[in-house]
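Take a look at the structure set out below.
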Amino acid sequence: MICQGNGFIKKFNVQGRNFSHAGIVSTKIKEILEEIGIAPAIIRRAAIASYEAEMNIVMYADHAEVILCLSLSAINITFKDKGQGINNIELAMQEGYSTATDEMREMGFGAGLGLPNIKRNADKLDISSSPGKGTTLDVTFYLNGKK
Amino acid sequence: MKLKEIKEILEADLICGENYLDVEIECAGGSDLMSDVLAFGQPGLLLLTGLSNIQTVRTADIIGANAVIYVRGKKPDSNGIELAGQKNIPLLSTKFMMYKACGLLYNHGLAGVERTIKT
Ligand SMILES: Nc1ncnc2c1ncn2[C@@H]1O[C@H](COP(=O)(O)OP(=O)(O)OP(=O)(O)O)[C@@H](O)[C@H]1O
Ligand SMILES: [Mg+2]
């Protein structure tokens, strides 16, 4: 994660499989960005990407640490989870690919749209994963220009 | 179209948010799939849905929806209603099913989400 010097940093924890709490951290991140006065269009993209990442943690991982880092030029959010990991990232990034269970689908998720939607909303997305260990998503939104 | 007109057209009950009945709604979308709502929703949306879990309210907040209407007489539980109160999102419930609820609103001139899907 790139988070130079005098930025604002805040850490959160996300519990896997806890559907009733799913989305709380993204909602909090959205509130923080609103308080700081970030442009609404950027907040919206960051909120959507965070929510998709948080739902994935709840659906597929055991737990995760989320780090929000704000500098003058960018919002950077890292989602570092411990869990099953992703075997084939390229496949997971494809629209429509999903290993969601019926329970997740009944809740309105599992269409295989989350990772592509994160990529579409972010200015920069890095994903790394170790199968059996966990996945890290590093998402950046630039505050001045670009996208 | 104002939310209160929508409420009348759908003969809907207001679950919470009586202060928002004068909000102007410019477009609507109906889906039970929050994945789709997150990918194709737009700010200011009126979301019609047949799901009633708390994720419907969270999703509405995240995409900046103006209101949520539950079809088939559904209603979220107290946690969902409380969250909607905190987030200033009015919730309504209509007894009509999804197709009819959307059709009635479309007939009255409420536009759908404008989005060209890249192929
Ligand atoms: N943090 C993660 N840990 C393990 N596997 C993951 C993680 N995130 C995504 N995946 C895998 O990648 C697949 C695609 O993810 P994506 O978010 O695009 O779709 P989805 O979560 O299945 O459905 P949707 O996001 O539309 O609700 C998932 O079904 C899952 O197999
Ligand atoms: Mg997902």
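The values are calculated or read from the model by the stated rules, or taken from the named source; none is laboratory data. Quick caveat, the model's predicted, so the values are computed rather than measured. Please note: Cβ atoms are built from the backbone with ideal geometry, for glycine as well, and neighbour counts cover all protein chains shown. Protein only, heavy atoms only, side chains kept; ligands, DNA and RNA dropped before computing areas. Shrake-Rupley method; radii C 1.70, N 1.55, O 1.52, S 1.80 Å.
Brief remarks on what is shown
- Spans of helices (runs of 4 or more DSSP H) in region A:54-147 with at least 1 residues within 10 Å of ligand 1 (Cβ to nearest atom) and more than 21 Å from A:Asn18 (Cα to Cα): A:89-92, A:114-121
- Being aromatic (Phe, Trp, Tyr), more than 9 Å from ligand 2 (Cβ to nearest atom) and over 18 Å from A:Thr27 (Cβ atoms) is a property that holds for A:Tyr97.
- Test: residue in region A:7-24 that is away from ligand 2 (no atom under 14 Å from the Cβ), within 14 Å of chain B (Cβ to nearest Cβ) and within 20 Å of B:Ala39 (Cβ to Cβ): no
- Matching residues in region A:83-94 - criterion: being in contact (Cβ under 8 Å) with a residue 12 or more places away in the chain and away from ligand 2 (no atom under 12 Å from the Cβ): A:Gly83, A:Gln84, A:Gly85, A:Asn87, A:Ile89, A:Gln94
- The selection criterion, being more than 14 Å from the chain's Cα centre (by Cα) and at pLDDT 95 or above, holds for A:Ser98.
- Odd one out for A:Ser20 among (1) out of contact with any Ser or Thr (no Cβ under 8 Å at 6 or more places or on another chain); (2) open to solvent by less than 40 Å² (accessible area, probe 1.4 Å); (3) within 20 Å of A:Gly110 (Cβ to Cβ); (4) assigned to a helix (DSSP H, G or I): (2)
- Of B:Glu18, B:Glu24, B:Glu11, all but one fail to be more than 17 Å from B:Ile89 (Cα to Cα), more than 16 Å from ligand 2 (Cβ to nearest atom) and more than 14 Å from every other protein chain (Cβ to nearest Cβ); the exception is B:Glu11.
- Test for B:Gly112: is it more than 10 Å from chain A (Cβ to nearest Cβ) and out of contact with any helix residue (DSSP H, G or I) (no Cβ under 9 Å at 6 or more places or on another chain): no
- Within region A:89-147, the set of residues being of a type in the set (Phe, Trp, Tyr) and either in contact with a strand residue (DSSP E or B) (Cβ under 9 Å, 6 or more places away or on another chain) or open to solvent by less than 30 Å² (accessible area, probe 1.4 Å) (or both) comprises A:Phe109, A:Phe141, A:Tyr142.
- Some residue of region A:67-82 being open to solvent by 50 Å² or more (accessible area, probe 1.4 Å), within 16 Å of ligand 2 (Cβ to nearest atom) and either within 14 Å of chain B (Cβ to nearest Cβ) or under 17 Å from the mean Cα position of the chain (by Cα) (or both): no
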